[in-house]
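Below is one structure, written out as structure tokens; comments come after it.
The values are calculated or read from the model by the stated rules, or taken from the named source; none is laboratory data. Because the structure is predicted, anything quoted here is derived from the model rather than measured. A quick note on method: Cβ atoms are made from the backbone with ideal geometry, for glycine too, and the neighbour counts reach across all protein chains shown. Note: areas computed on protein heavy atoms with side chains; ligands, DNA, RNA excluded. Shrake-Rupley method; radii C 1.70, N 1.55, O 1.52, S 1.80 Å.
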Amino acid sequence: QAVHGRARRDRPSSEVRDVAATDVGREGGEEGQAGPRARPGQAEQAVHGRARRDRPSSEVRDVAATDVDEKAAKKAKLDPALDPARLSKQCMGVLAELMAVDIAEPFNVKVDWKGLGLHDYPKVVKHPMDLGTIKDKLKSSKYATTADLAQDVRLVWKNAKSYNQEGSEIHIAASSLEADFEAKFQHVPRGPLRASDTLAKAKEIVKQIRKLPNADPFNEPVDWEGLKLDDYLDVIKQPMDLGTILRRLDAGSHFSSVEAVYHDIELVWRNAMMYNMEGSAVHEAARKLKTLTEKRFSDLLREAGEHGFLESGRPKEVTFEMKQELVSSANELTPKELYGVVYIVTQNAATAISSTSEEEVEVDIDNLDHDAFVLVDRYVKDCLAKKKLKKKS
């Protein structure tokens, strides 16, 4: 019960796109044409399957332009802070609007090239794709980013225009839908469509830590009222527990980086060590779990950094102006809040304590390393934010 608040001191139906092969009967069924003559009733099925070998140079330009778009999309920088669930919903909306258009019906399912007798289809179209398949992949979280999804949608148009004659119904429909897609998709922010693998790994680490015997007091919020810890919120400005962290990870929209997860876990240990006396059972448990957390997350944080999923708001370096701002902000804290500052410094950069007496403790900001400075700065900002909220209320 006395968690970190223990006594204070003491995701397919048939797919659309391949249906484009129907056009083959109408455009390429004449003698001398590359594709077989379509049988009655096939005209509106063989959508993206129309046989076309001598495609015009303009079509080549269309394909090349698409390739350029895809390459550019891969190079575009992601914004990992965007909510994958919200982006998936937006992408699903764009797909639904495209698939609902009458001319899109042939592109909504896979091309039945065997049934349509389009034996050269696999030789011309190396990577078949249709809107139905894309929809299923999106539902199953197969796309890592919005750019990956857009690449498959553009492949649908590319395949249809590559296999079908320019001027054919399928070719015209593909060009029209392509323009429609690009117009709609430009309003979809670039970003991830699923949580990064590092976040999934972070979730597993949290689950493992919660199962440890000495982690039991940290698995749920501190019941400071039930425990009569009346000064708890005076000392702990940002309560946190492992249960809350796990629930946020399950929700899938709270954390944008593994570093943000790590920060909240560290907050659990820091709160417990700040509120409980050194040497107490809760303080010692928090200290050991803090060390374990650092070891478990070290490789994961490095991996996240290499893939660009670290927290974007974290400063790369501490400037003189930032130090001045911290000093000024710290002067607005109460004695109890300043106690929290001293504790954080003592635990993370003891050498920054330049002089100590029974009545006064000085913290040398210049001796704080980058990580220690970030911790202190966050703590001070949290304290001031709480004060503003109280004044407004």
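The combined condition, being of a type in the set (D, E, K, R) and over 27 Å from P192 (Cα atoms), is not fulfilled by D250.
Mind checking which residues of the stretch 79-91 are modelled with pLDDT of 50 or more and either outside any helix (DSSP H, G or I) or open to solvent by 50 Å² or more (accessible area, probe 1.4 Å) (or both)?
Result: D79, L82, D83, A85, R86, K89, Q90.
Take the stretch 241-272 and flag every residue that is of a type in the set (D, E) and either open to solvent by 30 Å² or more (accessible area, probe 1.4 Å) or under 16 Å from the mean Cα position of the chain (by Cα) (or both). So that I can check it myself, show each step before the final result.
Restricting attention to the stretch 241-272, the residues satisfying the condition of being of a type in the set (D, E) are 241, 250, 259, 264, 266.
Answer for the stretch 241-272, where residues must be of a type in the set (D, E) and either open to solvent by 30 Å² or more (accessible area, probe 1.4 Å) or under 16 Å from the mean Cα position of the chain (by Cα) (or both): D250, E259.
Every condition in (1) under 16 Å from the mean Cα position of the chain (by Cα); (2) at pLDDT 95 or above is met by F107 except one, and the failing one is (1).
Comparison of D152, D102 shows that the only residue that is within 25 Å of the chain's Cα centre (by Cα) and among the acidic types (D, E) is D152.
Does I265 meet the test of being touching a Ser or Thr at 6+ places or on another chain (Cβ under 6 Å), part of a helix (DSSP H, G or I) and either over 22 Å from V341 (Cβ atoms) or not polar (S, T, N, Q) (or both)? Yes, satisfied.
Enumerate the pairs (first residue in the stretch 217-236 and farther than 22 Å from D264 by Cα; second residue anywhere and open to solvent by less than 50 Å² (accessible area, probe 1.4 Å) and of a type in the set (A, V, I, L, M, F, W, C)) with beta-carbon separation below 7 Å, excluding pairs fewer than 6 apart on the same chain, so at least 6 apart or on different chains. Listed pairs, sorted by first residue: L227/A2. Within the option set V363, V380, V374, V345, being over 21 Å from A260 (Cα atoms), at pLDDT 80 or above and not small (G, A, S) holds for one residue only, V363.
No other residue among K237, K316, K295 is closer than 20 Å to Q347 by Cβ, of a type outside the set (S, T, Y), assigned to a loop (DSSP other than H, G, I, E, B) and at pLDDT below 90 apart from K237. Residue pairs whose Cβ atoms lie under 6 Å apart, sitting 6 or more positions apart in sequence or on different chains, and linking a residue in the stretch 331-359 that is within 17 Å of K237 (Cβ to Cβ) and open to solvent by 30 Å² or more (accessible area, probe 1.4 Å) to a partner that is at pLDDT below 80 and in a strand (DSSP E or B), are V342/V361.
Are there any helices (runs of 4 or more DSSP H) wholly within the stretch 93-210 with 3 or more residues that are open to solvent by 50 Å² or more (accessible area, probe 1.4 Å) and under 30 Å from F297 (Cα atoms), and if so which? First the steps, then the outcome.
Numbers: elements: 121-124, 131-139, 146-163, 169-185, 197-210.
Where helices (runs of 4 or more DSSP H) fall fully within the stretch 93-210 and carry at least 3 residues being open to solvent by 50 Å² or more (accessible area, probe 1.4 Å) and under 30 Å from F297 (Cα atoms), they are 197-210.
Looking at (1) within 29 Å of V258 (Cα to Cα); (2) at pLDDT below 95, find the lone condition where D69 falls short. Here D69 clears every test but (1).
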